[in-house]
Amino acid sequence: MTKTQRRTHFTTVNIALISLFSALWIVLNLTVAPLGFQLTRLPVVHGVISLFILLLASWATSRYGVASAVGIVGSIIVLLAGGPLPVLGFAAASFLFDAVLLVSGHRLSLKPGNVAVAVAATVVSSYSAGVLNGILILNQTPIFAITFWAGWTITGGIIGLVIALPIIAAFEKANVKKVKAD
C-alpha cells in the first residue's frame, strides 16, 4: 500500500476512534440534549454537545472525514433509537465543520491560527445547524431561524469550543499523543 493510499482511507485505529466518538455522540444526544431542551427550550445544549465531540474527534485524529463520519454514524443511530430529529442538522453541519478544518490541516491546538480556524469551523457549522433545524425540522420562519435560533445554536457551539480547548491543552501539556495511524 502506498503512502497516498493510506492517507485516503481510514485505518483500523481511525475507525475505532470514529466508533468511540460516535458512541459519545449517541449517549449525549439521547440523554443530555433532550433534557437541556426541555429545561431551556433552546438549542444551546445540543450545540455544546455536538461541537465539543467534533472538536475532540478532530483533535484526536487530525484526519479529514472523521468529524463527518462521527456526525453521520452517531445521528443515524440516534434516530434509529428514537432520539430527537434536530440531530440531523448537526449531522449535516459536521460536513461543514470538516471542510473548514481543512484550512488548518485538521490541526487543533492553542496556536492562534489553529484556534481561529476552530472558531470559524464552530461558528459556520453551528450556524448552519441552527438554520437547518429551525427551518426544515422545527418549521420556524426563516427570519426567526437565521437570527434567533441560529444565534442560540452558535452560543452552544462556542461554549463547546470553550470547554474543548482547555481539555485539548491539558492533553497536550500531559503529553497525550494524538493517534498517528498513517
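Coordinate-derived values only; no laboratory data. Because the structure is a prediction, the values reported are computed rather than measured. Using ideal geometry, Cβ is built from the backbone for each residue, glycine included, and neighbour counts are taken over all protein chains shown.
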Which residues, counting only those in region 135-163, are outside any helix (DSSP H, G or I) and closer than 19 Å to Ala92 by Cα? Leu138, Asn139, Gln140
Output the number of residues of region 101-128 satisfying the condition of being buried (at least 19 other Cβ atoms within 10 Å of the Cβ) and either touching a His at 6+ places or on another chain (Cβ under 8 Å) or within 19 Å of Ile168 (Cβ to Cβ) (or both). 11
Here are some residues: Phe21, Phe10. Which one is touching a residue at least 40 places away in the same chain (Cβ under 8 Å) and surrounded by fewer than 22 Cβ atoms within 10 Å (Cβ to Cβ)? Phe10
Meets criteria (among the aliphatic types (A, V, I, L, M), in contact with a Gly (Cβ under 8 Å, 6 or more places away or on another chain) and crowded, with 18+ Cβ neighbours inside 10 Å) for Ile146: no
